[in-house]
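*Asks:* Structure in structure tokens, see below.
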């Protein structure tokens, strides 16, 4: 295998394995920042050794073993090994004589999931809401600061500062690496849900890169969402998030062509939607309705997704209900992005003129100034109104703002189609 192929393989393995690697190391060393450094050291070792030795059969285990040894070396150099024995007790190769103490503590934990511990630690209230989300996306999703900045629609240096400060704060405050219990756990739940949905969204529509989707992130977010429902089975918003993710994920196979090109919702082959995920999502919605909790933001978004899932064809979609649900969502979660989605629903329910009026009202929103979906939506509505020259300009602007290669190409194709339509009109 060529060195360049090895490097691509290492990058792919890192994307998949880094969250588990960092989470496992954080459990050992009780320091999120140090855990990420150790994981990065293991990545560097892989880049150095695998071109010569080849990719191991279990690359994730190789990275973890390498990082563990480096963790032990760090602890010894800092003369902390005696204080860290209990933290390493459940690792058989390093277990001291009294190693049962840490194992007993692990068995007492009602979740016992390193990744979930990592999320709850990163979502500690000592951090700002923005820092919690940025740090977790960095650690759990393996995203770069640039990708996270795109997800948050803020400058990259801002995200970099948030992440550095967050890791420093967790270390300085000696925040325990654990899932909290009782009221403290409930207080942190909203942040955890927000972060899980951000991770899912990055998988569902990648902010940058060559692939429109990163299904492994969707799968990981859903897996952790299912763990959370076991933790809080009577919490409507936990169920709402899981229902939303599963219904959305049911479309993954239908969202791209065989070449990876995007397929918009109205054009998707609905026979390719995953019926099992739809059934699971709708079942979770039924549980929410029985609990009387259909007014939360995740439950409302799940209800919107369910409208699409229940429609056998695009023409059968209940757009008036979707528009009403977006209006309700705007009340509990005011956001220009929600208003943009409501405009799309209104356009589908009442015509493109009605939707365009709502979109134009968002033109001066600072948060949407560099958001490529604003000109993309406006271009689509103008195209439907046969205003093809204006639509072309909007699609070109959207393409210039898009960072995902597939999405940028798709928007450029739409701009070209509008240019052709304008010439035909002339």
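*Asks:* Please tell me if residue 166 is buried (at least 22 other Cβ atoms within 10 Å of the Cβ), touching a strand residue (DSSP E or B) at 6+ places or on another chain (Cβ under 8 Å) and not assigned by TED's automatic domain parsing to the domain that holds residue 23. Show your work before the answer.
*Replies:* Details: buried (at least 22 other Cβ atoms within 10 Å of the Cβ): yes; touching a strand residue (DSSP E or B) at 6+ places or on another chain (Cβ under 8 Å): no; not assigned by TED's automatic domain parsing to the domain that holds residue 23: yes.
For residue 166, the condition - buried (at least 22 other Cβ atoms within 10 Å of the Cβ), touching a strand residue (DSSP E or B) at 6+ places or on another chain (Cβ under 8 Å) and not assigned by TED's automatic domain parsing to the domain that holds residue 23 - is not met.
*Asks:* Being part of a helix (DSSP H, G or I) and either at pLDDT 85 or above or within 26 Å of residue 163 (Cα to Cα) (or both) narrows it down to one residue among 82, 11; which is it?
*Replies:* Working: 82 fails: either at pLDDT 85 or above or within 26 Å of residue 163 (Cα to Cα) (or both).
On inspection, the qualifying residue turns out to be 11.
*Asks:* Specify which of the listed residues (164, 154) is at pLDDT 90 or above and over 22 Å from residue 218 (Cα atoms).
*Replies:* On the way: 154 fails: at pLDDT 90 or above.
Only one candidate qualifies: 164.
*Asks:* Would you please name the residue that is surrounded by the fewest Cβ atoms within 10 Å (Cβ to Cβ), looking only at residues in the range 91-129 that are within 19 Å of residue 202 (Cα to Cα) and at pLDDT 85 or above?
*Replies:* Selected residue: 123.
*Asks:* (1) in contact with a helix residue (DSSP H, G or I) (Cβ under 7 Å, 6 or more places away or on another chain); (2) in contact (Cβ under 8 Å) with a residue 60 or more places away in the chain: which one isn't true of residue 39, the others all being true?
*Replies:* For residue 39, the exception is condition (2).
*Asks:* Which count do you get for residues in the range 354-376 that are outside any helix (DSSP H, G or I) and touching a helix residue (DSSP H, G or I) at 6+ places or on another chain (Cβ under 9 Å)? Spell out the reasoning first.
*Replies:* Initial filter on the range 354-376 (outside any helix (DSSP H, G or I)): 361-365, 369-372.
Now restrict to residues that are touching a helix residue (DSSP H, G or I) at 6+ places or on another chain (Cβ under 9 Å): 361-363, 365, 370-372.
Residues meeting the conditions: 7.
*Asks:* Output yes when any residue across the range 168-180 is assigned to a helix (DSSP H, G or I), in contact (Cβ under 8 Å) with a residue 60 or more places away in the chain and under 17 Å from the mean Cα position of the chain (by Cα), and no when none is.
*Replies:* Quick first cut of the range 168-180, residues assigned to a helix (DSSP H, G or I) only: 168-172.
The next check asks that each one be in contact (Cβ under 8 Å) with a residue 60 or more places away in the chain; those that pass are 168, 170-171.
Checking the rest, the ones that are also under 17 Å from the mean Cα position of the chain (by Cα) come to none.
Among the residues of the range 168-180, not one is assigned to a helix (DSSP H, G or I), in contact (Cβ under 8 Å) with a residue 60 or more places away in the chain and under 17 Å from the mean Cα position of the chain (by Cα), which makes the answer no.
*Asks:* Based on this model, can you work out whether residue 223 counts as over 27 Å from residue 366 (Cβ atoms) and either out of contact with any helix residue (DSSP H, G or I) (no Cβ under 8 Å at 6 or more places or on another chain) or at pLDDT 90 or above (or both)?
*Replies:* When the stated conditions are applied, residue 223 passes them.
*Asks:* Among the residues of the range 120-158, which ones are outside any loop (DSSP other than H, G, I, E, B) and either assigned by TED's automatic domain parsing to the domain that holds residue 20 or more than 16 Å from the chain's Cα centre (by Cα) (or both)? If you could, list the steps in order and put the result at the bottom.
*Replies:* So in the range 120-158, the residues outside any loop (DSSP other than H, G, I, E, B) come out as 120-122, 129-141, 145-152, 156-158.
Within the range 120-158, 121, 156, 157, 158 meet the criteria.
*Asks:* Another one. Are any residues in the range 376-408 loosely packed, with under 15 Cβ neighbours inside 10 Å and under 25 Å from the mean Cα position of the chain (by Cα), and if so, which ones?
*Replies:* Residue satisfying the conditions is 400 alone.
The values are calculated or read from the model by the stated rules, or taken from the named source; none is laboratory data. In this text, all values refer to a predicted model and were calculated from it rather than measured experimentally. Cβ sites come from the backbone with ideal geometry, for glycine too, and all protein chains shown count toward neighbours.
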